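Structure first, commentary second.
What follows draws every value from the coordinates through simple rules; no lab data is involved. Remember, predicted model here, so these are calculated numbers, not experimental data. All Cβ positions, glycine included, derive from the backbone under ideal geometry; neighbour counts span all protein chains shown.
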């Protein structure tokens, strides 16, 4: 394989660029949320539960593009901290509904302004943040 092929992939690969950007964004938001002992993934998960009615686990997994096993693992530390509640669905006992507890809502309320500030900083550095978001949603 010629070295030029490696450079070509390095310079043109959307997957590599997206992975690098995702890791950099995750580090940035993890650092921002650190004072709350919260990760960016936990923030996104908790925000996905901020609904009038508790969603089913499958609905949350689909929104976050996670499999149920990964979602279950991500929920465990939040459940241990009593930030989320997992209960059987009243109509189908096999289904699980997820909701924020009072403590979870309080923490999310504290985290949201941090997310807003961090996001505003990022938007300033991007040429077209809306176009980028739209493009990412289109392929996911």
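Worth a mention:
- Members of segment 98-108 that are surrounded by 11 or more Cβ atoms within 10 Å (Cβ to Cβ), in a helix (DSSP H, G or I) and without any contact (Cβ under 8 Å) to a residue 24 or more places away in the chain: 103, 106
- Of all residues in segment 130-140, at least one satisfies being touching a residue at least 60 places away in the same chain (Cβ under 8 Å) and exposed (fewer than 12 other Cβ atoms within 10 Å of the Cβ).
- Complete set of residues in segment 22-80 that are touching a helix residue (DSSP H, G or I) at 6+ places or on another chain (Cβ under 7 Å), in a helix (DSSP H, G or I), without any contact (Cβ under 8 Å) to a residue 12 or more places away in the chain and farther than 19 Å from residue 117 by Cα: 61, 68
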